[in-house]
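The values are calculated or read from the model by the stated rules, or taken from the named source; none is laboratory data. Computed from a predicted structure; not experimentally measured. Glycine gets a Cβ as well: all are built from the backbone with ideal geometry, and neighbour counts include every protein chain shown.
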Amino acid sequence: MEIEDTYCEAFEGLFARICITAKDEKRLERAAYSATALPCTVFGESEGGIEKWLNEHETPDGRKGAIAQIWVNYTKDKDKDKDAAEKLEYEISKRIRQGILVVPTTSVFNAIEIPDGNFIDTVDRIGHCGDGYENIEQRFGREVVVVPIMMGEFLVERHLGYKKGVMGGNLWFFCESLEAALETGEKAIRAIDKVEGAITPFDICSAGSKPETKYPEIGPTTNHCFCPTLKHKISGSKVPEGVQCIPEIVINGVSLDTVKEAMKAAIDSVRNVEGLVKISAGNYGGKLGRYKIYLEGI
């Protein structure tokens, strides 16, 4: 199994880290998956993923929970820093309102240390779902917004912190069959799940993209040079003979070291998968992302 001498290109992002709790596992899973579904940063919106599941002793209210991360792209442009924070506030509020609040018995708490001034006040965009009947109270040792709903109350911690992190780390697995691709992807995901602070927002991604496109109105489109079904139909195909599937795993992490650790864990977990012939990564010639993470160096 070959590890290509290349790198993935990763980007800076802003992320919030929240703890979702619920009365039972069914409601918890529904809320966690709903709030992190449909990653869509490529369309200028947000990207989410579940970091880990928690037992009753690990949550503020003593119920089972999940840690989720919500991300937006970050830029060094000083004027746009504020825009990124505002975008994160808009996006996480939307996901909490539509993905969590509507699921019976759920609550949301902050799950990140709040740097000075780096927090989202949830009163306006989430608390006001109570239409003016919401209250701010102290519960579980935290300041929460209590929103009356038709099945009791929804609680959201008033201040949700956010920080800078690294998004877009990735691995490509060149496989001889669909079965090998799925096995490789599942092993990689399980390994990354054990890395604190890392998420895989697209799980096993079947459709890697490229920045240039014939249809800019719909965003990035298929990376045609790496589509196995196009190998003998186009010039310039980069699919090796015998390769039938190339799944991609995208990784976001709370730090550069976290992304590197997750990539290493994924690579180590799949070394012996039969049918995996090469590991590579996606990049854009170093023109878009701040970070280059070389596969041989992690």
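Below, the figures for the structure above:
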read-out: Scan of segment 273-296 for residues that are within 19 Å of CYS245 (Cβ to Cβ) and basic (Lys, Arg), ordered by number; value: LYS278
read-out: Residue within segment 238-247 that is exposed (fewer than 13 other Cβ atoms within 10 Å of the Cβ) and in a loop (DSSP other than H, G, I, E, B) present; value: yes
read-out: In segment 267-298, the residues that are acidic (Asp, Glu) and closer than 10 Å to TYR7 by Cβ; value: GLU296
read-out: Unique match (being modelled with pLDDT of 95 or more and surrounded by fewer than 24 Cβ atoms within 10 Å (Cβ to Cβ)) among LYS52, LYS80; value: LYS52
read-out: The listed residue being touching a Ser or Thr at 6+ places or on another chain (Cβ under 8 Å) and surrounded by fewer than 16 Cβ atoms within 10 Å (Cβ to Cβ), out of GLY117, GLY152, GLY141; value: GLY152
read-out: Residue match in segment 85-94 (condition: acidic (Asp, Glu) and in contact with a Ser or Thr (Cβ under 7 Å, 6 or more places away or on another chain)); value: yes
read-out: Test: VAL123 is of a type outside the set (S, T, N, Q) and either surrounded by 16 or more Cβ atoms within 10 Å (Cβ to Cβ) or in contact with a Pro (Cβ under 8 Å, 6 or more places away or on another chain) (or both); value: no
read-out: Residue within segment 184-192 that is modelled with pLDDT under 95, surrounded by fewer than 15 Cβ atoms within 10 Å (Cβ to Cβ) and touching a Ser or Thr at 6+ places or on another chain (Cβ under 8 Å) present; value: no
read-out: Matching residues in segment 26-41 - criterion: being in contact with a strand residue (DSSP E or B) (Cβ under 9 Å, 6 or more places away or on another chain), modelled with pLDDT of 90 or more and not small (Gly, Ala, Ser); value: LEU28, GLU29, TYR33, THR36
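Conditions tested, residue by residue: (1) assigned to a loop (DSSP other than H, G, I, E, B); (2) not aliphatic (A, V, I, L, M).
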residue	(1), (2)
SER93	no, yes
GLY99	no, yes
VAL108	no, no
ILE114	yes, no
ILE120	no, no
VAL123	yes, no
CYS129	no, yes
ILE136	no, no
